[in-house]
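Visitor: I have a structure here, written as structure tokens, and I will follow up with some questions on it.
The values are calculated or read from the model by the stated rules, or taken from the named source; none is laboratory data. Since we're looking at a predicted model, the values are computed, not measured. Positions of Cβ are backbone-derived with ideal geometry, glycine not excepted, and every protein chain shown enters the neighbour counts. Surface areas here come from the heavy atoms of the whole protein model, side chains and all, with no ligands, DNA or RNA. Shrake-Rupley method; radii C 1.70, N 1.55, O 1.52, S 1.80 Å.
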Amino acid sequence: MDAAMSLQPWQTPEIQAWTQILLDSYEQCLGRSLIPRSGDRLQEAEALFNVPFVVVSHNGAADPLLNYGNQTALDLWELEWSQFCGLPSRLTAEPDERETRSQMLSDALAKGYINNYSGVRISSQGRRFRIDRAIIWTLCQPDGQACGQAATFTDWYFLD
């Protein structure tokens with residue numbers, strides 16, 4: 001087996017760098033830390049990947065692609081890392097929920113973040129679940145350039 005194939009996502013330099021963008025942007029937008037910060041990129045990447053709440057993000061494309069999902073998110077959407085990343089983020093919601101989701105993302109972009117978002121999502125296996133009290137924030141590179149959006153939530157329940 002190739003050594004790179006056996007790495008956990010959080011062990012790669014790319015995801016360690018992305019974790020810093022997720023954490024730094026959250027702090028800039030909300031004025032508090034998403035997780036306790038240690039200053040060690042590897043430790044923070046591992047900690048974020050393994051927290052018991054959902055953290056997801058997508059890039060800044062016109063039709064954004066998912067580029068991060070921690071283990072809780074992967075379990076909830078019933079996908080492996082390689083299946084999750086690269087998926088159009090709109091597909092995490094059912095078709096009739098996508099317009100509302102799109103408006104929420106626009107609001108978050110305009111304001112920097114929103115909190116207390118609720119909506120229905122769907123797993124890869126067709127299991128519908130409601131998320132409550134989600135926080136959505138804009139991601140920025142160290143130079144301040146917007147580069148995507150992220151969401152976190154602790155509350156969800158299955159509808160089926």
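Visitor: Does region 1-44 hold any residues that are under 19 Å from Gln149 (Cβ atoms) and touching a Ser or Thr at 6+ places or on another chain (Cβ under 8 Å), and which are they?
Guide: If the condition is that a residue be under 19 Å from Gln149 (Cβ atoms) and touching a Ser or Thr at 6+ places or on another chain (Cβ under 8 Å), then Trp18, Leu22, Leu23, Ser25, Tyr26, Glu27, Cys29, Leu34 are the ones that fit.
Visitor: Moving on to the next point. Within region 113-122, is there a residue that is small (Gly, Ala, Ser), open to solvent by less than 40 Å² (accessible area, probe 1.4 Å), within 29 Å of Gln16 (Cβ to Cβ) and part of a strand (DSSP E or B)? Please lay out each step first, then the result.
Guide: Residues of region 113-122 small (Gly, Ala, Ser): 118-119.
Now narrow it down to the ones that are open to solvent by less than 40 Å² (accessible area, probe 1.4 Å): 119.
Of the ones still in play, those that are also within 29 Å of Gln16 (Cβ to Cβ) are none.
Checking region 113-122: not a single residue is small (Gly, Ala, Ser), open to solvent by less than 40 Å² (accessible area, probe 1.4 Å), within 29 Å of Gln16 (Cβ to Cβ) and part of a strand (DSSP E or B).
Visitor: Report, ordered by the first and then the second residue, all pairs with beta carbons closer than 8 Å, sequence separation of six or more or different chains, a first member in region 90-107 that is open to solvent by less than 50 Å² (accessible area, probe 1.4 Å), and a second member that is of a type outside the set (Ser, Thr, Tyr) and part of a helix (DSSP H, G or I).
Guide: Thr92/Trp77; Ala93/Arg101; Arg101/Arg90
Visitor: Of all residues in region 5-22, count the ones that are among the hydrophobic types (A, V, I, L, M, F, W, C) and surrounded by fewer than 17 Cβ atoms within 10 Å (Cβ to Cβ). Step through it out loud before you land on a result.
Guide: So the first thing to find is which residues in region 5-22 are among the hydrophobic types (A, V, I, L, M, F, W, C), and the list is 5, 7, 10, 15, 17-18, 21-22.
Now narrow it down to the ones that are surrounded by fewer than 17 Cβ atoms within 10 Å (Cβ to Cβ): 5, 7, 17.
So the answer is 3.
Visitor: Please verify whether region 56-64 includes one or more residues that are farther than 17 Å from Thr152 by Cβ and touching an Asp or Glu at 6+ places or on another chain (Cβ under 8 Å).
Guide: No: region 56-64 contains no residue that is farther than 17 Å from Thr152 by Cβ and touching an Asp or Glu at 6+ places or on another chain (Cβ under 8 Å).
Visitor: Under 8 Å between Cβ atoms, which residue pairs at least 6 apart in sequence (or on different chains) link something in region 140-160 that is over 14 Å from Leu76 (Cα atoms) with a partner that is open to solvent by 50 Å² or more (accessible area, probe 1.4 Å) and in a strand (DSSP E or B)?
Guide: Cys140/Ala146
Visitor: Does region 23-32 contain at least one residue that is open to solvent by 70 Å² or more (accessible area, probe 1.4 Å), over 20 Å from Phe84 (Cβ atoms) and not in a loop (DSSP other than H, G, I, E, B)?
Guide: Yes, there is a match, as at least one residue in region 23-32 is open to solvent by 70 Å² or more (accessible area, probe 1.4 Å), over 20 Å from Phe84 (Cβ atoms) and not in a loop (DSSP other than H, G, I, E, B).
Visitor: For region 88-103, what are the residues that are in a loop (DSSP other than H, G, I, E, B) and touching a Ser or Thr at 6+ places or on another chain (Cβ under 9 Å)? Talk me through it step by step, then tell me what you get.
Guide: At the first step, the residues of region 88-103 found to be in a loop (DSSP other than H, G, I, E, B) are 93-94.
Ala93 - this is the single residue of region 88-103 that is in a loop (DSSP other than H, G, I, E, B) and touching a Ser or Thr at 6+ places or on another chain (Cβ under 9 Å).
Residues checked against (1) hydrophobic (A, V, I, L, M, F, W, C); (2) part of a loop (DSSP other than H, G, I, E, B); (3) in contact with a helix residue (DSSP H, G or I) (Cβ under 6 Å, 6 or more places away or on another chain):
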| site | (1), (2), (3) |
| --- | --- |
| Ala73 | yes, no, no |
| Leu76 | yes, no, no |
| Ala110 | yes, no, no |
| Ala134 | yes, no, no |
| Pro142 | no, yes, no |
| Ala150 | yes, no, yes |
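Visitor: Out of all the residues in region 142-160, which are open to solvent by 50 Å² or more (accessible area, probe 1.4 Å) and of a type in the set (Val, Ile, Thr)?
Guide: Thr154
Visitor: Counting just the residues of region 47-75 that are within 12 Å of the chain's Cα centre (by Cα) and aliphatic (A, V, I, L, M), which one comes out surrounded by the fewest Cβ atoms within 10 Å (Cβ to Cβ)?
Guide: Leu65
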